[in-house]
Amino acid sequence: MERFRVVGGARLQGEVQVVGAKNSALKLMAASLLAAGRTRLTNVPAILDVTIMAELLRRLGCGVDYEPAEGVVEIDVPEQIGHRADYELVRALRASICVLGPLVARCRAADVAVPGGDAIGSRGLDLHAFGLQALGAQVHVHHGYLVAEAPDGLAGADIRLEFPSVGATENVLMASVLARGTTRLTNAAREPEIVDIADFLVELGAKVHGAGTTVIEIEGVDALHPTEHAVVPDRIAAGTWAFGAATTRGDVEVVGGRAEHLSAALELLVDNGTSVHPTDRGFRVTNDGRRPHAFDVATLPYPGFPTDLQPLALAYNAVAEGSAMVTENVFEARFRTVQELARLGADARIDGHHVMVHGNARLSGAPVEASDIRAGAALVIAGLVADGVTTVSGAHHIDRGYARFTDLLQGLGADVTREPDPPPYVS
Ligand code: EPU
């Protein structure tokens, strides 16, 4: 186990490259199962979650070549694939639930281990099951596995999701492309990653319209063919660097970042003392060394403020001028960062799904622990605005979602290194 060692004081300055989105790459890998043959994905991030998804696809019978340094994954999908995703891998990667839709579509059956709840909430699967049932699958839980069976194949349907769940939208989308007839999915999630998956499916030969809006229509086809596709840039990584620049009073060009995918977050930064300008290669975030102002923020499904940036908004408000209320509306238990920020001296108090934060100009370095990917990134950024040394344990969480995090921070002038976590005390 490793931890990050962060020496406070640096303003993030320079340029940073954003590569493909974790939350698209993993789904595109799963969607590749829909077409026999060799599919090639580029701009894939070099992260642990991709390695785990590659292993999951291999266990289903695919050949997978993953070159992290080149950002390329090639997947050879045989005519016959397995349809069981074991607990051992699913527990390491909750996103593996996204093989459910493609497996039912291709194999007419899928057994996918039920992922455990994780550190950000219970994260039910009822909407995934509801969507597949509407397409004609029988879905039940058996010995810890979500079992979906559609011996006669899937049939298009009108489906309205109660909540625009990202994962449920993706599973319905991926299952319905090979269903008989037309599917109309209402109250669908609108995230850029959904659009990326829909574009990919169209390149595979699927008929999908309306992705990026609340209504997606899918006309089923008999078969799909492999393709080559570049993963959409990671808006959450881009947002992390934007918050990193604003929080440390720095000046960062986010190369490859798409400002239009981050409007809600960037507008808040701009309204509160940070400049954001488009550049030829992305966008630049700077506040010229001035302390930014605190802002109230409430997370919402896209195009609202992303829940994945909420821990970053907490770290920002902990050092901004003024007070702020941060409200979490997407995951019920995504406030583990608060107690760790408090260890750094932040004045933050949880009240239900709100956090009240009063900004301190500086925090003070301390040992803290990352509970998930985004909490980890937020704590490293907070360590940069803390006096002295902060250690962030649980580096593996950050590795799941951020490629070359230490290198990129060092490239922006931060004094951040990795070191082994001391062994736990045993009496
Ligand atoms: N929900 C249900 N039932 C369902 C599905 C979802 O109750 O069947 C609830 C969840 O419990 C949660 C809310 O709906 O409270 C949102 O869940 P959603 O399905 O939209 O999210 P997800 O697909 O599980 C993806 C990302 C998350 C990101 C969310 C929201 C992946 C692998 N994960 O999760 O990313 O926070 O969408 O945008 O795509 C991360 O990258 O660190 C991360 C957690």
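The values are calculated or read from the model by the stated rules, or taken from the named source; none is laboratory data. Just so you know, these numbers come straight off a predicted model, no measurement behind them. Note that each Cβ is placed from the backbone with ideal geometry, even for glycine, and that neighbours are counted across all protein chains shown.
Would you confirm, using the coordinates I've provided, whether ALA395 is in contact with a Phe, Trp or Tyr (Cβ under 6 Å, 6 or more places away or on another chain) and within 16 Å of the ligand (Cβ to nearest atom)? It is true that ALA395 is in contact with a Phe, Trp or Tyr (Cβ under 6 Å, 6 or more places away or on another chain) and within 16 Å of the ligand (Cβ to nearest atom).
Can you name the residue in region 370-388 that is aliphatic (A, V, I, L, M) and under 20 Å from MET1 (Cα atoms) and is also nearest to the ligand (Cβ to nearest atom) among such residues? If we take residues in region 370-388 being aliphatic (A, V, I, L, M) and under 20 Å from MET1 (Cα atoms), then ILE373 is nearest to the ligand (Cβ to nearest atom). I'm trying to understand the selection: among the residues of region 276-316, which are in a helix (DSSP H, G or I) and either in the same structural domain as ILE194 (by TED's automatic domain parsing) or of a type in the set (Phe, Trp, Tyr) (or both)? Once the filter is applied, which keeps residues that are in a helix (DSSP H, G or I) and either in the same structural domain as ILE194 (by TED's automatic domain parsing) or of a type in the set (Phe, Trp, Tyr) (or both), region 276-316 yields only TYR316.
Residue count for region 161-184 under the criterion of being touching a residue at least 40 places away in the same chain (Cβ under 8 Å) and of a type in the set (D, E, K, R): the result is 2. In region 407-427, the residue that is farthest from the chain's Cα centre (by Cα) out of those that are surrounded by fewer than 20 Cβ atoms within 10 Å (Cβ to Cβ) and under 27 Å from SER96 (Cβ atoms) is ASP421. Considering the conditions (1) in contact (Cβ under 8 Å) with a residue 60 or more places away in the chain; (2) within 16 Å of the ligand (Cβ to nearest atom); (3) more than 18 Å from the chain's Cα centre (by Cα), ASP49 is excluded by exactly one of them, (3). Restricted to region 31-80, and to residues there that are in contact with a Leu (Cβ under 8 Å, 6 or more places away or on another chain) and small (Gly, Ala, Ser), the residue that is surrounded by the fewest Cβ atoms within 10 Å (Cβ to Cβ) is ALA35. The condition (being crowded, with 16+ Cβ neighbours inside 10 Å and under 25 Å from ALA25 (Cα atoms)) is satisfied by just one residue among ALA375, ALA386: ALA375.
This table checks each residue for (1) over 23 Å from the mean Cα position of the chain (by Cα); (2) without any contact (Cβ under 8 Å) to a residue 24 or more places away in the chain.
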residue: PRO102; (1), (2): no, no
residue: ARG108; (1), (2): yes, no
residue: ALA129; (1), (2): no, yes
residue: ILE159; (1), (2): yes, no
residue: VAL202; (1), (2): no, yes
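Of the strands (runs of 3 or more DSSP E) lying entirely inside region 214-263, the ones with 3 or more residues being assigned by TED's automatic domain parsing to the domain that holds ARG290, over 27 Å from VAL64 (Cα atoms) and not charged (D, E, K, R) are found at 251-255.
Evaluation of ALA313 against the conditions (1) under 18 Å from VAL355 (Cβ atoms); (2) away from the ligand (no atom under 16 Å from the Cβ); (3) in contact (Cβ under 8 Å) with a residue 60 or more places away in the chain shows that the sole unmet condition is (2). Counting residues in region 19-33 that are on the phi > 0 side of the Ramachandran plot and in a loop (DSSP other than H, G, I, E, B) gives zero.
Which of the residues that make up region 329-384 are among the hydroxyl-bearing types (Ser, Thr, Tyr) and over 19 Å from THR247 (Cβ atoms)? Answer for region 329-384, where residues must be among the hydroxyl-bearing types (Ser, Thr, Tyr) and over 19 Å from THR247 (Cβ atoms): just SER371. Scanning region 252-290 for residues that are over 22 Å from ALA10 (Cα atoms), charged (D, E, K, R) and surrounded by fewer than 15 Cβ atoms within 10 Å (Cβ to Cβ) yields GLU260, GLU267, ASP271, ASP280, ARG281.
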